[in-house]
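These notes concern the structure reproduced below.
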Amino acid sequence: MCGRFALTAAPEALQAAFPQFAFPAPYAPRFNIAPGQPVLAIPSDGSNAADFFVWGLIPPWARDPSIGARLINARAETLAEKPSFRGAFKYRRCLIPADGFYEWARAPGRKTKIPYFIHLKSRQPFAFAGLWGEWQGPDGSQIRSCTIITTQPNEMLAALHNRMPVILQPGAYERWLDLAARGRDELQPLLAPFPAAEMGAYPVSTLVNDPANDRPECAVPTE
């Protein structure tokens, strides 16, 4: 799964990584983004513009928005079958910009898991593959929400966790955000593990365990 991530890039670096998209300004760097919080996402709505979505997909048929807390991730292998995701997989896909994410791994002789910060070796921003939706409340209120798609881990991530978020290649952005309805055969090849050779990871402080800690120290390497 992917339960925490970061987007710390300066606005100019983020724009350089995604030149075809517009971003809201100002955007404060985030070092410990947690489920239920607002995240930047670029939806397949034809605008080519990022906006803030609640992390945790709320299906349009849900009676209660609290279901989003259980739908922060969506398994790539079952998107076309699961009622919570199949409509969004076909029509409402999104990019979720990031420049790192966290996973926790057990270590010999330690009771608590060690958090790791995972990033591209280039240290450039990238995009998770995501799904988005709009939920209409009984009072007319509207919530836009999203989820991060996960897949099998690559060789590096397999040592830390049995899943990893799908990181899309830049050449796939246009296809992923296509407004046309797309089926599994067209989209599934995009949801492969990102190459391990292009990624790095290092242990960080347990500060990241608490969502209230959203500061640079969360992503600083530890011994």
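The values are calculated or read from the model by the stated rules, or taken from the named source; none is laboratory data. Just so it is clear, the structure is predicted and the values come from calculations on it, not from any experiment. Cβ placement follows ideal geometry from the backbone for every residue including glycine, while neighbour counts extend to all protein chains displayed.
Numbers for the structure displayed
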| item | result |
| --- | --- |
| Residue in the stretch 63-72 that is hydrophobic (A, V, I, L, M, F, W, C) and either within 20 Å of MET164 (Cβ to Cβ) or in contact with a Phe, Trp or Tyr (Cβ under 7 Å, 6 or more places away or on another chain) (or both) present | yes |
| Unmet criterion (only one of (1) surrounded by 14 or more Cβ atoms within 10 Å (Cβ to Cβ); (2) out of contact with any Leu (no Cβ under 9 Å at 6 or more places or on another chain); (3) over 30 Å from ALA17 (Cβ atoms)) for PRO59 | (2) |
| First in the stretch 170-181 and modelled with pLDDT of 95 or more, second anywhere and of a type in the set (D, E, K, R), Cβ under 6 Å, 6 or more apart | TRP176/ARG93 |
| Flag if ALA25 is in contact with a helix residue (DSSP H, G or I) (Cβ under 7 Å, 6 or more places away or on another chain), free of Cβ contacts under 8 Å to residues at least 60 places away in the same chain and exposed (fewer than 14 other Cβ atoms within 10 Å of the Cβ) | yes |
| Matching residues in the stretch 151-169 - criterion: being out of contact with any strand residue (DSSP E or B) (no Cβ under 9 Å at 6 or more places or on another chain) and at pLDDT below 95 | ASN162 |
| Candidate set from the stretch 117-150 (those that are of a type in the set (Lys, Arg) and in contact with a strand residue (DSSP E or B) (Cβ under 8 Å, 6 or more places away or on another chain)); member that is farthest from LEU57 (Cα to Cα) | LYS121 |
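Condition check ((1) over 14 Å from the mean Cα position of the chain (by Cα); (2) within 18 Å of VAL208 (Cβ to Cβ); (3) in contact (Cβ under 8 Å) with a residue 60 or more places away in the chain) across all residues:
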position: ALA13; (1), (2), (3): yes, no, yes
position: GLN20; (1), (2), (3): yes, no, yes
position: GLN37; (1), (2), (3): no, yes, yes
position: ILE42; (1), (2), (3): no, no, yes
position: GLY56; (1), (2), (3): no, no, yes
position: TRP61; (1), (2), (3): yes, no, no
position: ARG75; (1), (2), (3): no, no, yes
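Conditions (1) under 18 Å from the mean Cα position of the chain (by Cα); (2) more than 16 Å from PRO97 (Cα to Cα), marked per residue:
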position: GLU155; (1), (2): no, yes
position: HIS161; (1), (2): yes, yes
position: MET164; (1), (2): yes, no
position: ASP185; (1), (2): no, yes
